[in-house]
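Data first, discussion second: the structure below is written as structure tokens.
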Amino acid sequence: MRALASKQIFAEVSPQVYALTPLAEPLRSDHPRSVRAAYPLLAPEIIGWSRLDHTLRTGEAAFDRAHGKGFWQYMAEHPEDSQRFDASQQAVTTRELRAVLPAYDWSQFRRILDVGGGNGAFLAGILAESPSTHGILFDQPHVVAHAHKILTTHNLEQRCEIIAGSFFDDTVLPTADAYLLKRVLYAWSDEHTLAILRQVRRSMADDGRLLLIEPLVEFGDSFSWGKLYDMLLVAMSGGGARSVNDLDRLFAQADLRITRITQTPMLPIVEARPAPHVREA
């Protein structure tokens, strides 16, 4: 508490008695913009960090070394930890929506497919602001099992289809106008990321769009969220944040090209389209 008070997150009002400052107010569960659930202390993650030395030596995920299995497999096998993780993602999603909704015209799409969309909170936020848009939520069975409650709360059960599956399966994804990947690719290695991109590209029409929302690594010494996320993802899943050049390279291998990057107060929106093919003479 003393350490956090030195950063103005709390205030020591008398010896060993602390009060909340404006910075700490959102940590309350009853705050209208609460982020309390965004900061859980998950025991499996703490254990994973204990093997950071393995990551530093090999580049492989510390979590895998500590638990003998990958992060996502572990969550699938431990429902309580998975639900706490989902709650943390939903708490962050609330703030992300406030940043990205006004930055992009979501209503231009008739159908948006949220690939790896968790419990549907982000897609629900988009659909609530775009009455003529329909959604498709795609994620693992144990994740989308909790999506019905979110959609019902927003009265969206008639405008959003839920599909359980894995983007590493051979099943072709449904066709949509836009394919959303929010904080998905940075959790995977280049090999797995390329497999995800190719899976999306297979179902895209020539005028379809891929919308990637995640932190990017920027050159130089200035602060960026990408640099913090990079350290976290390398240790937990073996992934990591990427630069625009990194994305360009991977997208090209999946027959995609970046057409626009829209900055928001939180995460950038990277728009990509199918790469144009040169017709032979």
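Observations, loosely collected:
- Residue in the range 93-113 that is at pLDDT 95 or above, open to solvent by less than 40 Å² (accessible area, probe 1.4 Å), touching a Phe, Trp or Tyr at 6+ places or on another chain (Cβ under 9 Å) and under 28 Å from Arg198 (Cβ atoms) present: yes
- Some residue of the range 241-262 being surrounded by 20 or more Cβ atoms within 10 Å (Cβ to Cβ), within 29 Å of His142 (Cα to Cα) and under 15 Å from the mean Cα position of the chain (by Cα): yes
- Failed item, numbered, when Gly68 is tested on (1) over 18 Å from the mean Cα position of the chain (by Cα); (2) in contact (Cβ under 8 Å) with a residue 12 or more places away in the chain; (3) within 30 Å of Val144 (Cα to Cα): (2)
- Pair list, Cβ < 6 Å and 6+ apart or interchain, from the range 123-148 residues that are open to solvent by less than 10 Å² (accessible area, probe 1.4 Å) to residues that are basic (Lys, Arg) and not in a helix (DSSP H, G or I): Leu127/Arg159
- Among residues of the range 200-240, those that are small (Gly, Ala, Ser), open to solvent by 30 Å² or more (accessible area, probe 1.4 Å) and within 26 Å of Ala275 (Cα to Cα), counted: 1
- Filtering Leu256, Leu233, Leu228, Leu250 for residues that are of a type outside the set (Phe, Trp, Tyr) and touching an Asp or Glu at 6+ places or on another chain (Cβ under 9 Å) leaves a single hit, Leu250.
- From the options Ser224, Ser237, Ser243, residue that is under 28 Å from Ile47 (Cα atoms), touching a residue at least 12 places away in the same chain (Cβ under 8 Å) and polar (S, T, N, Q): Ser237
- When restricted to residues that are loosely packed, with under 12 Cβ neighbours inside 10 Å and closer than 19 Å to Gln83 by Cβ, the range 30-69 contains 4.
The values are calculated or read from the model by the stated rules, or taken from the named source; none is laboratory data. Keep in mind it's a predicted model, so treat the numbers as computed, not measured. Neighbour counts are summed over all protein chains in view; Cβ atoms, including those assigned to glycine, are modelled from backbone coordinates with ideal geometry. Accessible surface is based on the protein model in full, side chains and every heavy atom, while ligands, DNA and RNA are left aside. Shrake-Rupley method; radii C 1.70, N 1.55, O 1.52, S 1.80 Å.
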